[in-house]
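Engineer: Mind having a look at this structure? Questions to follow.
The values are calculated or read from the model by the stated rules, or taken from the named source; none is laboratory data. These numbers were taken from a predicted model, which means no experiment stands behind them. In this analysis, Cβ positions are derived from the backbone assuming ideal geometry, glycine residues included, and neighbour counts consider all displayed protein chains.
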Amino acid sequence: MSAPSRDEIEALLRAGDPLAAARAAGVTPGAGVTVTRGEASGDRLADGDDEGAIDDHRAAHAEGRPSEAAVAYGAGHDPAAVAARIAALAALARETGMLRAVCPVPAESGPERPGSWGVEDLTIIAACRLAMPAGVEVRPHWVRLGAAACQIAVAFGATEWRIPEGDAADPERLAAGVGAAVRRA
């Protein structure tokens, strides 16, 4: 399967049909999910909740440091800009081989509407999985989405959960509920 164009990614994001996005990404039940607890390893550049510049990721890769990139979406984020960021990160991943994870980060809730809604959350997971090469983890935002949405996200292409320290979630039970196996990082 060839990498989707920025326009194809944007069309998936605008359509709002997460099942179509998951099917386009080739997501099938029974996938595995990597589980880590706590923060990112200090040996890599990690955006956290704010998008870092692509050039910062490229520079880290040139230094031999892997990275994890955030993709902001939802209220206040134009699907064309979100699609452009996903496509640019996918291109960087193919170019350097050092992008380890893409982490969609839903917008904070505002007065006009929630920061994101379930269909958006699942669609962006599928769009990221579709765009990223194998080996790049797609990690939903555990704190903003919650365990249940992150569990469902596996069926749409999520391949990693970063569970905060102190969270009592049982990853084995959650993964089994969607036919997935847990891989420890």
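Engineer: With out of contact with any His (no Cβ under 6 Å at 6 or more places or on another chain), at pLDDT below 85, buried (at least 20 other Cβ atoms within 10 Å of the Cβ) and farther than 22 Å from L145 by Cα as the only criterion, which of P18, P4 stands out?
Structural biologist: P4
Engineer: Which numbered condition trips up G52, out of (1) out of contact with any helix residue (DSSP H, G or I) (no Cβ under 7 Å at 6 or more places or on another chain); (2) of a type outside the set (S, T, Y); (3) closer than 23 Å to S5 by Cβ?
Structural biologist: Going through the list (1) out of contact with any helix residue (DSSP H, G or I) (no Cβ under 7 Å at 6 or more places or on another chain); (2) of a type outside the set (S, T, Y); (3) closer than 23 Å to S5 by Cβ, G52 breaks only (3).
Engineer: Just the residues that are at pLDDT below 85 and either surrounded by fewer than 13 Cβ atoms within 10 Å (Cβ to Cβ) or in contact with a Ser or Thr (Cβ under 9 Å, 6 or more places away or on another chain) (or both), please, taken from region 25-68.
Structural biologist: Scanning region 25-68 gives G26, T28, P29, G30, A31, G32, G38, E39, S41, G42.
Engineer: Scan the helices (runs of 4 or more DSSP H) fully inside region 99-185 and keep the ones with 1 or more residues being in contact (Cβ under 8 Å) with a residue 40 or more places away in the chain.
Structural biologist: Hits in region 99-185: 118-131, 171-177.
Engineer: Among the residues of region 53-96, which ones are farther than 14 Å from V136 by Cα and acidic (D, E)?
Structural biologist: Matches in region 53-96: D55, D56, E63, D78.
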